[in-house]
Amino acid sequence: MLIFSMFFWPENEKTKTYEVYMNQLNSLIIEGNAVKSAEFSEPKAGFYVCRFPVAVNRWYKSRNNEGVSEVSYFDVEAYGKLAEYCSKKIEKGLGMRVVGRLKQARWKDKDGKTQSKVYVIAEHIEYKPKFDNSIIATEEESEETEDSAELTEASVSEETVF
């Protein structure tokens, strides 16, 4: 289903001809993990910037019906209050969903060649819950210990003859 919106602007009032303009959309959602901890800066007093890369995994089946994985890396920037919060929250491996838009920076290098970079401007970030694997491992170990204790008690009672 294709959804778009248009508006009409009169080109010439006398002839009543109209040009058709389509609203342009620049919006994206990426879901992945932080590649490293966020870098926080304050380039101007009161203006905060937080930069961090996000790795997004994609899984699909090839023509040979084999599972293939690929990873894409996206540079993300957040500004203002969101940047302040990101600097405190984001560390390597943290899962997140970033809602934002694309921005392209263009410049000329020292040789006069035009360079460009596309990055994501974050407008909203949701963080996935962080699980502590050491707690999970401790619970598994305690379950194994309880199971072995029950086995020991059962084997002792079976072997003991009065």
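The values are calculated or read from the model by the stated rules, or taken from the named source; none is laboratory data. What you see is a predicted model; the values in this text were computed from it and never measured. Neighbour counts run over all protein chains shown; Cβ positions are idealised from the backbone, glycine included. To get the accessible areas, we keep the full protein, side chains included, count just its heavy atoms, and leave off ligands, DNA and RNA. Shrake-Rupley method; radii C 1.70, N 1.55, O 1.52, S 1.80 Å.
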_Probe 1.4 Å, accessible area per residue of segment 31-138, Å²_ = 71 Å²
*Neighbourhood charge, 12 Å Cβ-Cβ cut-off, centred on Ser37 and excluding it, Lys, Arg +1 and Asp, Glu -1*: +3
*Between Val35 and residues 5 or more places away or on another chain, which pairs have amide H atoms under 5 Å apart, with H built 1.01 Å from N, and which residues are they?*
Val54, Ala55, Gly93
*Starting from the Cα of Tyr119, step 7 Å along the direction of its Cβ; do the same at Glu91; then give the gap between the two resulting points in nm.*
2.4 nm
*Leaving out same-chain residues fewer than 8 places away, which lysines sit with a Cα under 18 Å from that of Lys44?*
Lys81
_Tell me the net charge near Ala78. Cut-off is 10 Å between Cβ atoms, Ala78 excluded, with +1 for each Lys or Arg and -1 for each Asp or Glu._
-1
